[in-house]
Structure formats: structure tokens, C-alpha cells
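Participant: The following block contains the structure, expressed as C-alpha cells.
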Amino acid sequence: MRYRRCWLGDESKPGAVRGSSWTTALACLSHIQKEEEEEEEATVPRAALYEEVRKLVDDGAQLVEVLPEGEYAKLHLPGARNIPLKRLDAETTADLDIARPVVVYCHDAL
Amino acid sequence: MLGFEQVFDYLPGKADWLARGLPTEGDRAGERRVGELARQDVATCHLSERMGDVRPRVEASPYGFALVVADSDVLLGRLRREVLDGDPDRRAEEVMEPGPSTVRMDTAPDSLAERLDRSNLKTALVSTPDGALVGVVRRADLPGADPAP
């Protein structure tokens, strides 16, 4: 089984994910393609609460804030990088280490 | 090209982190928040405690009320002066005012000052998103307070 990045927004690209919702964007990051079966499957990111997030971050997880730049500039979690939701794609996530967990966050649950 | 295998959604988001008074980065990271102004000098008690036992602790505190907390420091209720001065054998669980209003640690001091002034209140209770008591903020410690006589 091989894994590869997916693309949000540009449906002409391989592994494109249709839609632009928050959930779809998160699914984009964890999109899995079973190439040998030519069957695509997107796993839904696992919801995490504070205690788990704290442990993930302490263990080296990468934090990604998907709010607009202005919101990020005012306040963000320590060490978080900013990838606004509308720009979340293979290119903007290229700097992330795929071997380490990624914790994505918005402003709140709503 | 490889994809991400472990992606987590911090569901309560940035609001939850800020409400816990945790460290942040950014242009406004240095701004003061009410969490820093919260005092831990309020009298607390457990559900089963008698008013006669709680009253001396309240009298030794700067406030006219006590707060009822669970073992985990989760705020359960408030005991006002009337019940503290009443039957000394009544227990906190019988006479407390359950679920008092609280504010979060990341509330801006000037915003809280306005809210207190609108409601003619002298104090606000601060709690974490999990409901744990952080402390009490006094109006006198917030911006725009009358200078001490």
C-alpha cells in the first residue's frame, strides 16, 4: 500500500478531494489512496481534546492553525504554523514532517 | 509522494487553549488577561460541610461568600451570606446556589470591568473550560476602578 498527498480545491489533480468544508480539508491531510486497488479512501481525522493534544505536542506533534493570517498573527499556540484553510494543499503542507502527527485547529468547535 | 497518516482535530480549538491561560505566541500574546488577576483567597468547602464550619473561613477571607467545590476543584456552587448566617447545621449541598456564572482566564480585564459595572458586581469567578475554579477577580483590581480612599 502506498500513500500520497491529496489536493483540496483543484479537482484536476490526482487524489483531489471535492468540497471545501472544514472536515473535508482535514480529510485531505489524511487522505489515503490504495493504489493497487485503484480505490480511494479518506480517513476522518480523529477528534482530540486538550489532554491528548498536550501529550501529542509534548511528544513532537506539529500544530497547524487554519485560521486566516490576521487571526494567527494576533495569537496562536506556541510553535504552530499557519496554513489558512483556503490554502491547504500539497504545496503549503510540504514543509510538514509526514512522519510526525499533525494537530490541526480552528478557533473553536463551531 | 507520501501522505499524512496521523492527523488530529483539536476540536475545542484555540478558544479552549486560551481559556486555560496557557502560553501563546503572537502580537497580543503579552496582553494581560483576567487569569493573571485571579486571587486564590476565597473560602471554599465541600458539599458535605456544615455552615457552622464554613462560616469562620469566610469571615477570615476578604469576601462575603464561599464557593463549593468537588474534589477535582470543579466549582459546584456558591454560599451567600444569608445561608452562612443561617442554620449552622445545614450542609453546603442543601443551601448552595448551584452553577454560579464564571468567566474564562483569557477574558480581557477591561471587558470584565464593563460587565461587572453593568451588573453592579464587585467580583467575578474564574474557571477553566473543565469547570475547575481558578480564583476570584475583584473589580478593584480591574481597569477603571475607583482609587482606594
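Participant: Could you work out the relative contact order of the range B:55-103, using alpha carbon pairs under 8 angstrom and six or more residues apart, expressed as a whole percent?
Facilitator: Values: 53 pairs, mean separation 15.5, N = 49.
Rounded, it is 32 percent for the range B:55-103.
Participant: On the protein heavy atoms, probe 1.4 angstrom, tell me the percent of accessible surface of the range B:1-91 carried by carbon and sulfur.
Facilitator: Numbers: 2120 of 4600 Å².
Using a 1.4 Å probe with all protein chains present, the range B:1-91 comes out at 46 percent carbon and sulfur.
Participant: Roughly how compact is the range B:32-141, stated as its Cα Rg over 2.2 N^0.38 Å to two decimals?
Facilitator: Numbers: Rg = 13.7 Å, N = 110, 2.2 N^0.38 = 13.1 Å.
Expressed relative to 2.2 N^0.38 Å, the Cα Rg reads 1.05.
Participant: For the range B:32-141, calculate the relative contact order in percent as a whole number, restricting contacts to Cα pairs under 8 Å that are 6 or more residues apart.
Facilitator: Numbers: 218 pairs, mean separation 35.3, N = 110.
RCO, the range B:32-141: 32 percent.
Participant: Follow-up question, since we're still on this one. Once both axes come from the Cα atoms, what is the angle between helix B:109-119 and the longest principal axis of chain B, in degrees from 0 to 90, rounded to 10?
Facilitator: With both axes taken from Cα atoms, the answer is about 40 degrees.
Participant: For the range A:54-78, which residues drop by 30 square angstrom or more in accessible area between the chain on its own and all protein chains together (1.4 Å probe)?
Facilitator: So the qualifying set is A:Arg54, A:Ala73, A:Lys74, A:Leu75, A:His76, A:Leu77, A:Pro78.
Participant: Something else now. With a 1.4 Å probe, what is the total accessible area buried between chains B and A, in Å² rounded to the nearest 100?
Facilitator: Working: alone 9620 and 7720 Å², together 13850 Å².
Adding both sides of the contact gives about 3500 Å².
Participant: Let me ask another. Give me the one-decimal nm value for the distance between modelled label points at A:Leu49 and A:Asp108, 7 Å along each residue's Cα-to-Cβ direction.
Facilitator: Using points 7 Å along Cα→Cβ, the separation is 1.7 nm.
Participant: Let me ask something else. A 20 angstrom limit on the alpha carbon distance is what I want to check against. Which of B:Lys14/B:Lys122; A:Lys74/B:Lys14; A:Lys55/A:Lys86 exceed it?
Facilitator: Details: B:Lys14/B:Lys122 29 Å; A:Lys74/B:Lys14 12 Å; A:Lys55/A:Lys86 28 Å.
Too far apart for the 20 Å limit: B:Lys14/B:Lys122; A:Lys55/A:Lys86.
Participant: Next question, about the same structure. How large is the helix-only mean residue ellipticity at 222 nm for chain B, computed as the sum of -39500 (n - 2.57) over DSSP H runs with n ≥ 4, divided by its residue count, in deg cm²/dmol to the nearest 500? Could the numbers behind the result be given before it?
Facilitator: Values: 6 runs with 39 residues, N = 149.
Value at 222 nm, helices only, nearest 500: -6500 deg cm²/dmol.
Participant: Further question: Sort the following peptides by mean Cβ neighbour count (other Cβ atoms within 10 Å, averaged over residues), highest first: A:86-95, B:126-135.
Facilitator: On the way: A:86-95: 15.5, B:126-135: 19.0.
So the order, starting with the most tightly packed, is B:126-135, A:86-95.
The values are calculated or read from the model by the stated rules, or taken from the named source; none is laboratory data. Remember, it's a predicted structure, so these values are computed and weren't measured experimentally. Heads up, the Cβs are rebuilt from the backbone with ideal geometry, glycines too, and the neighbour counts pull from every protein chain shown. Side chains included, ligands, DNA and RNA excluded: accessible areas come from the protein's heavy atoms. Shrake-Rupley method; radii C 1.70, N 1.55, O 1.52, S 1.80 Å.
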